[in-house]
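Have a look at the structure below, then the notes.
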Amino acid sequence: MFNLCYKSLLNRRFIAALTVLSIALSVALIVGVERLRTEARAGFANSASGIDLIIAARGNDVQIVMATVFGVGTTGAGISWDSYEMIEDLPQISWTVPIMMGDNHRGYPVIGTSEQYFDHFRHSGGRQLIFAEGVPFKSPDGAVIGAEVAQAFGYTSGTEIVNAHGSGEVAFDVHDEAPFTVTGVLEHTGTAVDRMVFVSLEGFDALHEEPASEVADPFVLIEAPEVAGEHEDHDHVELDEPDEHEEGHQEHDDRHAHGSGHEDEAKAVRTSGGHDHGGHDHEPGTINAIFAGLEEKTAVLSVQRQLADHRDEALTAVLPNVALLQLWSITSTAETALRLMAGAVAAAGMIGMVVMLSASLDNRRREFAILRSVGATPVGVFSLILLEAVLLLFAGIVLGVIALSALTLLIDPVLAANFGLRIGVGLPSFREVLLIALVFCSGLLASIIPALRVYRMTLSDGLSVRL
Amino acid sequence: MKTVELKSLVFRWPGQPDPVLSVDSFDLEAGESVFMRGPSGSGKTTLLSAIAGVIDVPQSAVRVAGTDVGALAGGDRDRFRVDQLGIVFQVFNLLPWLSALENTLLPCRFSAQRRNRSGPDPKATATRLLSELGLKDTELINRPASALSVGQQQRVAAARALIGAPEVVLADEPTSALDEEAKDTFVQLLLKECKASGASLLFVSHDRSLEKHFDRSVDLPMLNAGKT
């Protein structure tokens with residue numbers, strides 16, 4: 001029976017090949033979309049996979065993640081260094097990385113952070129940041145740049161760069177008095193890190209410190225708990241205030257100070273090392289956010305509660321993965337559309353097969369009559385058609401999976417570099433197997449239509465060979 | 001012994017008042033060859049279908065090799081057909097994408113009985129049959145059937161009908177697509193092989209020139225008297 005079926009199909013090899021091709025295409029598409037979707041989702045959810053909590057001034061979770069992980073938007077108010085130390089000292093916290101934002105380098109966000117950032121940040125499903133060249137910044141004027149930044153401007157280790165205040169491409173306030181020297185370039189990650197310039201906290205501060213120190217008070221720690229909650233700082237969203245900054249740094253620095261009278265005191269604090277916190281050789285006034293890792297993941301809730309109850313400052317501890325998934329859900333409409341499209345293509349493939357099987361039936365009436373004359377039952381002829389469908393579907397699915405794997409192998413490096421997506425050629429996942437099974441079953445189900453027609457035809461035709 | 005026995009066979013297509021078949025009595029003895037003469041539309045194909053169990057006939061109207069065809073259920077009828085009958089059609093007997101040899105072996109594929117009766121090596125039996133029917137070239141019989149001439153195709157069909165020694169060979173105008181000379185050769189070969197395997201042959205044709213080769217001749221319009 002199988003042999004008969006195979007030879008019969010071979011006889012119609014051109015149309016059969018076309019049918020197999022269309023099935024292969026639908027399988028490749030439907031599985032490809034599924035794989036891409038899962039990977040994109042997982043990659044996105046893991047954009048900050050090394051980080052257990054992101055702590056920032058009270059605000060919207062998604063906004064905080066957008067600002068700190070993707071460098072889009074801002075985190076509202078800052079966090080005082082005191083709070084940073086408080087958090088650092090919590091027993092549940094294993095490590096912390098401070099984040100400062102608000103400057104840009106020719107349109108690319110500049111992040112002030114510590115060296116530990118490069119150790120703790122994970123992207124695209126748990127990958128560490130790798131230095132394509134150079135090393136992390138060691139001195140306040142060192143900078144590490146993302147791959148895209150390096151590519152865009154042709155920077156390498158040793159290049160001197162100048163940053164500007166604010167986030168816009170058009171800089172109102174260029175900190176050309178405080179240039180940085182590139183010490184390292186990160187490898188392509190396909191994430192927002194590629195678009196970032198990293199400098200040390202000291203370096204970030206220095207941008208604002210030097211000219212300001214002559215004019216007004218730099219960085220006095222906020223030590224007024226009674227105003228912390230509704231502190232006017234909330235309006236001082238650094239990145240979005242070019243007009244204010246045109247007035248100079250005084251305004252900008254206001255957020256860190258309560259008046260010029262504190263100037264000396266602040267300087268004293270900074271220089272005397274009055275706040276000695278071990279490894280920290282520099283203490284900025286405020287930072288924008290803190291990336292934190294926990295000793296134990298289960299401590300998340302207790303830390304969140306503790307921070308929510310923190311009296312001195314209104315803080316939010318965001319679970320980045322949760323916020324990222326929240327953000328991802330926005331794309332679910334597009335996702336659904338994509339899946340619907342893939343499903344439609346699969347349906348078209350199945351219909352193509354049914355058309356092919358049905359169209360050939362009339363030409364094959366003689367074939368069926370001959371088979372009947374040599375003992376084939378109508379059920380036998382019925383199953384012959386189903387067997388043909390099985391063969392076509394099987395060949396289509398195998399070809400589709402092979403084609404997809406080949407394609408994946410081909411475009412994986414491109415996808416990884418441009419979108420941080422690594423699809424990889426692996427065995428199909430359970431969901432994919434389910435999808436393939438679905439395609440197979442719906443194809444088989446659809447082929448019952450022509451098979452049933454043949455069944456009726458053979459019953460009524462009998463042995464008469466119509467021409 | 002009678003291999004085919006028709007008794008008061010009346011058949012009408014569903015929904016039609018007049019019967020297409022109304023045969024009082026017809027017998028085909030074992031090993032006998034009968035020429036059944038009938039113009040088109042005289043119910044030839046229907047009669048052969050009735051014997052082959054393709055159409056629903058009333059019980060005890062048709063017996064083939066002792067089996068009441070009308071009493072068989074669908075699947076049994078298909079098995080009975082391949083076990084007991086060899087059938088040769090007018091034209092287009094073969095599956096074009098199978099070789100002549102494979103076409104010949106088709107009944108053995110569907111019937112264990114035919115396979116068992118075609119000797120220890122059905123392939124060798126098929127090859128022998130084909131060569132006796134004039135297809136000696138082994139290269140030729142391994143070619144797809146579509147590459148054969150009409151005369152060669154009909155001979156392959158005859159070989160297929162004969163393989164595994166069925167009780168009866170039914171031939172439905174097998175020579176109508178052949179020229180005069182080929183006709184006689186084909187009929188003689190067919191008769192010779194039927195004799196050799198002991199099968200009775202019911203040969204339906206409108207061509208009276210072939211009548212002389214057969215044991216007996218029957219006029220279908222006269223046999224099918226009840227038909228209106």
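Here are the numbers:
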quantity	calculated
Count - residues of segment A:356-382 that are more than 13 Å from chain B (Cβ to nearest Cβ) and open to solvent by 10 Å² or more (accessible area, probe 1.4 Å)	4
Scope segment B:21-62; condition among the aliphatic types (A, V, I, L, M) and open to solvent by 10 Å² or more (accessible area, probe 1.4 Å); matching residues	B:Ala30, B:Leu48, B:Val54, B:Ile55, B:Val57
Test result for B:Arg109, within 30 Å of B:Thr127 (Cβ to Cβ), out of contact with any strand residue (DSSP E or B) (no Cβ under 8 Å at 6 or more places or on another chain) and facing chain A (nearest Cβ under 9 Å)	yes
Contacts under 7 angstrom Cβ, first residue in segment B:184-197 being free of Cβ contacts under 8 Å to residues at least 40 places away in the same chain, partner charged (D, E, K, R) and assigned to a helix (DSSP H, G or I), 6 or more apart	B:Phe186/B:Arg155
Residues located in segment B:50-75, provided they are more than 16 Å from B:Leu28 (Cβ to Cβ), at the interface with another protein chain (Cβ under 9 Å from one of its Cβ atoms) and among the small types (Gly, Ala, Ser)	B:Gly74, B:Gly75
Residues that are in a helix (DSSP H, G or I), of a type in the set (A, V, I, L, M) and under 18 Å from A:Trp95 (Cβ atoms), drawn from segment A:295-320	A:Ala299, A:Val300, A:Val303, A:Leu307
Scope segment A:294-318; condition touching a residue at least 12 places away in the same chain (Cβ under 8 Å) and open to solvent by 50 Å² or more (accessible area, probe 1.4 Å); matching residues	A:Glu295, A:Glu296, A:Lys297, A:Gln304, A:Gln306, A:Arg311, A:Asp312
Filtered residue count, segment A:49-94, keeping only those that are within 20 Å of A:Met196 (Cα to Cα) and open to solvent by 40 Å² or more (accessible area, probe 1.4 Å)	5
Segment B:89-138, subset touching a residue at least 60 places away in the same chain (Cβ under 8 Å) and surrounded by 23 or more Cβ atoms within 10 Å (Cβ to Cβ), residue nearest to A:Leu4 (Cα to Cα)	B:Leu94
Helices (runs of 4 or more DSSP H) contained entirely in segment A:1-119, each with at least 1 residues that are within 21 Å of the chain's Cα centre (by Cα) and in the same structural domain as A:Met350 (by TED's automatic domain parsing)	A:13-45
Matching residues, segment B:175-228, being of a type in the set (Phe, Trp, Tyr) and not in a loop (DSSP other than H, G, I, E, B)	B:Phe186, B:Phe203
Per-region count, segment B:92-106, residues part of a helix (DSSP H, G or I) and at the interface with chain A (Cβ under 7 Å from one of its Cβ atoms)	1
Residue, nearest to A:Trp328 (Cα to Cα), within segment A:1-46, restricted to residues that are within 14 Å of another protein chain (Cβ to nearest Cβ), open to solvent by 60 Å² or more (accessible area, probe 1.4 Å) and out of contact with any Pro (no Cβ under 8 Å at 6 or more places or on another chain)	A:Ile15
Candidates A:Ala348, A:Ala323, A:Ala292, A:Ala334 - the one that is assigned to a helix (DSSP H, G or I), at pLDDT 85 or above, under 34 Å from the mean Cα position of the chain (by Cα) and small (Gly, Ala, Ser)	A:Ala348
Flag for B:Thr125 being away from chain A (no Cβ under 12 Å), part of a helix (DSSP H, G or I) and under 20 Å from the mean Cα position of the chain (by Cα)	yes
Matching residues, segment B:6-20, being farther than 18 Å from B:Ile87 by Cβ, away from chain A (no Cβ under 14 Å) and surrounded by 21 or more Cβ atoms within 10 Å (Cβ to Cβ)	B:Leu9
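This table checks each residue for (1) out of contact with any strand residue (DSSP E or B) (no Cβ under 8 Å at 6 or more places or on another chain); (2) in a loop (DSSP other than H, G, I, E, B).
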residue: B:Gly31; (1), (2): no, yes
residue: B:Ser40; (1), (2): yes, yes
residue: B:Val54; (1), (2): yes, yes
residue: B:Val57; (1), (2): no, yes
residue: B:Val82; (1), (2): yes, no
residue: B:Ile87; (1), (2): no, no
residue: B:Gln90; (1), (2): no, yes
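The values are calculated or read from the model by the stated rules, or taken from the named source; none is laboratory data. It should be emphasised that the depicted structure is a prediction, and the values quoted were computed from it without experimental measurement. Don't worry about glycine lacking a Cβ; one is built from the backbone with ideal geometry, like all the others, and counts go over all protein chains shown. SASA here: full protein model, heavy atoms, side chains in, ligands and nucleic acids out. Shrake-Rupley method; radii C 1.70, N 1.55, O 1.52, S 1.80 Å.
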